[in-house]
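Okay, structure first, notes after.
The values are calculated or read from the model by the stated rules, or taken from the named source; none is laboratory data. Just so it is clear, the structure is predicted and the values come from calculations on it, not from any experiment. So basically every Cβ, Gly included, is an ideal-geometry build from the backbone, and we count neighbours across all protein chains shown.
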DNA sequence: AGTATTGGCGATTATTCTTCGGCAGAAAGG
DNA sequence: CCTTTCTGCCGAAGAATAATCGCCAATACT
């Protein structure tokens, strides 16, 4: 019989499929990643080794990027959360702008489509620290301005969820 | 001797202090929460049981809110990340608006100071799904408009960091 | 000084992770 | 249609880790 001589995988599962079991495992891990495989298996209807194998695969495929502790910003002395929109002349992403990613106050940076070039999520200990961050931004060549949104209350803040809404409710369009 | 009869703690550590050891532990756990206590202890300079005890305390005090798996949005079929600003007449936080938190696409919701009332972070599978979400928002009474920022590239996205910058570099203020 | 309390360490036990062999079900191939 | 091949799950065993305990040093309070 012809053995697999061309080095390719046995012709299956090129792009790993995420099935219903995987979805449930991912949802459970996103909610709480500190539970045992036995408990996970019980929750999704599989044995512990089966869950272990699936998690290993999900991890390798990149669906699970890591597992992190969720810290409380206020408890750590960083009670001030802000979203900073940066307007830049020319193209926003500069080497110089990437420097600010080294500050632990910066949690997110995206380039966006809209009336801003780059968007930062920043958590600082004080308005002064936010001001210092903004000074850093304004010191970047090409930056023409910033617009900041200070979070007053956070009603939800959670990691990427595994679920997908496939049937959005028909909203009652108010005339 | 007078025994503690008034039900209060022995007059110490009312508000738990986070020392340098805790900081390092938290930083390590925020980066990767799947490492063993032995490794953590080695990294921060403590024994495994000491780290275990500190983590237990940090967890109880609320500094550690939980541990979650970081999932890849694109791998899960949600490649579209958007920040949605909502403008509302009157006060933004309504019971009706809280309903949308049930959608797994919604990852964050804050009320903010700035030229918007509420800010959402939403991750959807398609522009259509984002449109459906916006329709939900617009269906909320009092909402006068939304402004959406579509993420083109994400350069950084990480959980709350333990570190705090205490000496911001003096920026070269360009003339 | 004396006393009480806290927090760290080493050692032990309990739990969990991880791997292994075997088996059943589903695709390819004759 | 039957065989072959492969995948994925399970139960069980071994390895690693988590969790607990008693003891000791350092600190704070009387």
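Name the one entry in A:122, A:100 that is more than 7 Å from chain B (Cβ to nearest Cβ), under 21 Å from the mean Cα position of the chain (by Cα), surrounded by 17 or more Cβ atoms within 10 Å (Cβ to Cβ) and assigned to a strand (DSSP E or B). Outline the logic, then answer.
Numbers: A:100 fails: assigned to a strand (DSSP E or B).
Only one candidate passes the filter, namely A:122.
Which members of region A:1-40 meet the condition of being within 10 Å of DNA strand C (Cβ to nearest atom) and modelled with pLDDT of 95 or more?
Selection gives A:33, A:34, A:35, A:36, A:37, A:38, A:39, A:40.
Any idea which of (1) out of contact with any strand residue (DSSP E or B) (no Cβ under 6 Å at 6 or more places or on another chain); (2) in contact (Cβ under 8 Å) with a residue 24 or more places away in the chain is the one residue A:145 doesn't satisfy?
(1)
Just checking, how many residues over region B:125-139 are facing chain A (nearest Cβ under 7 Å) and more than 18 Å from residue A:164 (Cα to Cα)?
Adding up the residues that qualify gives 1.
Could you figure out which of (1) within 7 Å of chain B (Cβ to nearest Cβ); (2) without any contact (Cβ under 8 Å) to a residue 40 or more places away in the chain; (3) assigned to a strand (DSSP E or B) isn't true of residue A:83?
(2)
Being under 30 Å from residue A:155 (Cβ atoms) and more than 12 Å from chain B (Cβ to nearest Cβ) is the filter; apply it to region A:30-74 and report the residue that is nearest to DNA strand D (Cβ to nearest atom).
Among those residues, the one meeting the criterion is A:44.
Scan region A:43-69 for residues that are assigned to a strand (DSSP E or B) and crowded, with 18+ Cβ neighbours inside 10 Å and jot them down.
A:64, A:67, A:68, A:69
Cβ-Cβ below 6 Å, separation at least six or inter-chain, first residue in region B:156-172 and farther than 20 Å from residue A:79 by Cβ and facing chain A (nearest Cβ under 7 Å), second surrounded by fewer than 17 Cβ atoms within 10 Å (Cβ to Cβ) and at pLDDT 95 or above: which pairs?
B:156/A:101; B:171/A:135
For residue A:165, which of the numbered conditions (1) touching a helix residue (DSSP H, G or I) at 6+ places or on another chain (Cβ under 6 Å); (2) closer than 22 Å to residue B:69 by Cβ fails to hold?
Every listed condition holds for residue A:165 apart from (1).
Looking at (1) assigned to a helix (DSSP H, G or I); (2) closer than 25 Å to residue B:150 by Cβ, find the lone condition where residue A:136 falls short.
(2)
Go over the candidates A:43, A:50, A:69 one by one and state the one that is within 12 Å of DNA strand C (Cβ to nearest atom) and in contact with a helix residue (DSSP H, G or I) (Cβ under 7 Å, 6 or more places away or on another chain).
Result of the check over A:43, A:50, A:69: A:50.
Can you report the number of residues in region B:142-160 which are surrounded by fewer than 16 Cβ atoms within 10 Å (Cβ to Cβ) and not in a strand (DSSP E or B)?
1
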